[in-house]
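Trainee: Below is one structure. I have some questions about it.
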Amino acid sequence: MARPRKPLLSTDRIVETARALVDAEGLAAVSTRRLAAELGVSGPSLYNHFRTKDEILEAVADSVSGQVDLSMFEDGRDWRTALHDWAVSYRAALRDHPNIVPVLASGPGRRPAGLRLADAVYGAMVAAGWPPAHATSIGALMRYFVMGSALGSFAGGFVDDASAYDPADYPHLQQAHLLAEQQEKIDERAFETGLTALLDGLARQYEQVRRSA
């Protein structure tokens with residue numbers, strides 16, 4: 001009986017395996033030797049697809065950017081609604097893959113999905129009437145806000161030990177030990193609060209820009 005063939009090595013399979021490794025163990029876990037072992041191939045065979053570990057991580061980062069929904073910039077939603085819905089999708093992708101955020105934070109570089117993302121946001125803002133310089137700033141500040149929210153959890157940063165918050169030292173933190181168990185709810189509410197405030201400010205600027213024009 002013929003032995004089952006191993007799945008053919010492909011760029012997509014390497015990226016999927018590397019992404020799973022980053023998700024589970026972080027960036028430091030990725031090496032060509034470790035990936036080759038996970039894929040059941042020899043190390044040199046990876047070099048037919050990627051020249052370096054950094055190229056693999058760039059591809060992983062771009063695969064995460066590719067998970068962000070961009071349809072809101074094409075289906076007629078107004079610029080504010082589109083930015084809101086895009087930010088929610090963007091954060092969801094980063095929340096699912098937080099360990100790759102440091103690579104994404106360096107900017108899109110030559111990554112196709114990252115460049116499509118930047119192009120979609122910038123193009124939609126210019127089409128909505130924002131001057132190009134403002135559209136560039138909007139893309140930047142949205143990236144800062146969304147990535148910052150994905151780098152860690154505010155609520156999760158507080159220990160669930162009430163004794164850590166001596167009222168003599170921290171008179172306003174008597175409920176801080178309860179934050180961790182409400183982490184998801186608190187972080188989601190904080191993100192929506194910040195996003196609404198950011199968009200409210202942009203809306204006021206937009207009216208000023210339109211009047212000036």
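Trainee: Express in Å², to the nearest 10, the accessible area of residue 32 obtained by rolling a 1.4 Å probe over the protein heavy atoms while all chains stay in place.
Mentor: 30
Trainee: Normalised by the number of residues in the chain, what is the relative contact order in percent for Cα pairs under 8 Å and 6+ residues apart?
Mentor: RCO, the chain: 16 percent.
Trainee: Distance from the Cα centre of segment 41-78 to that of segment 101-126, in angstrom?
Mentor: 12
Trainee: Excluding residue 56 itself, what net charge comes from residues whose Cβ is under 15 Å from its Cβ, given Lys and Arg +1 and Asp and Glu -1?
Mentor: It works out to a net charge of -1.
Trainee: Could you report the chain's accessible area per residue, 1.4 Å probe, as an integer in Å²? Walk me through the numbers before you get to the answer.
Mentor: Numbers: 12450 Å² over 213 residues.
Accessible surface, normalised per residue, equals 58 Å².
Trainee: Using protein chains only and a probe of 1.4 angstrom, how many square angstrom of residue 19 are accessible, to the nearest 10?
Mentor: Counting only protein heavy atoms, residue 19 exposes about 50 Å² to solvent.
Trainee: Still on this structure: Report the convex hull volume per residue for segment 1-111, counting only C-alpha atoms, in Å³.
Mentor: 138
Trainee: Going toward the positive end of the dipole of segment 127-196, with +1 on Lys and Arg Cβ and -1 on Asp and Glu Cβ, which of 163, 180, 152 do you reach last?
Mentor: Positive-end residue among those listed: 152.
Trainee: Net charge within 11 Å of residue 21 by Cβ-Cβ distance, Lys/Arg positive one each and Asp/Glu negative one each, not counting residue 21 itself?
Mentor: That sum, taken over residues with Cβ under 11 Å, equals -2.
Trainee: A further question follows. Quick check: pseudo-label points 7 Å beyond the Cα along Cα→Cβ at residue 185 and residue 10, how many nm apart are they?
Mentor: About 4.4 nm separates the two model spin labels.
Trainee: Same structure, new question: Summing Lys, Arg as +1 and Asp, Glu as -1, what charge do residues with Cβ under 12 Å from the Cβ of residue 43 carry, residue 43 excluded?
Mentor: After counting each charged neighbour, the total is +2.
Trainee: Looking at the chain, identify the longest residue range that excludes and avoids all chymotrypsin sites (Phe, Trp or Tyr not before Pro) in DSSP loops having at most 15 other Cβ atoms within 10 Å.
Mentor: The longest such stretch corresponds to 48-153.
Trainee: Provide, for q = 0.07 Å⁻¹, the log10 of I(q)/I(0) from a solvent-free Debye sum over equal Cα point scatterers in the chain.
Mentor: Calculated log10 I(q)/I(0) at the listed q: -0.32.
The values are calculated or read from the model by the stated rules, or taken from the named source; none is laboratory data. Predicted, not measured: the structure shown is a model, and the values here were computed from it. Note that each Cβ is placed from the backbone with ideal geometry, even for glycine, and that neighbours are counted across all protein chains shown. Side chains are part of the model used for accessible areas, which takes the heavy atoms of the whole protein and leaves out ligands, DNA and RNA. Shrake-Rupley method; radii C 1.70, N 1.55, O 1.52, S 1.80 Å.
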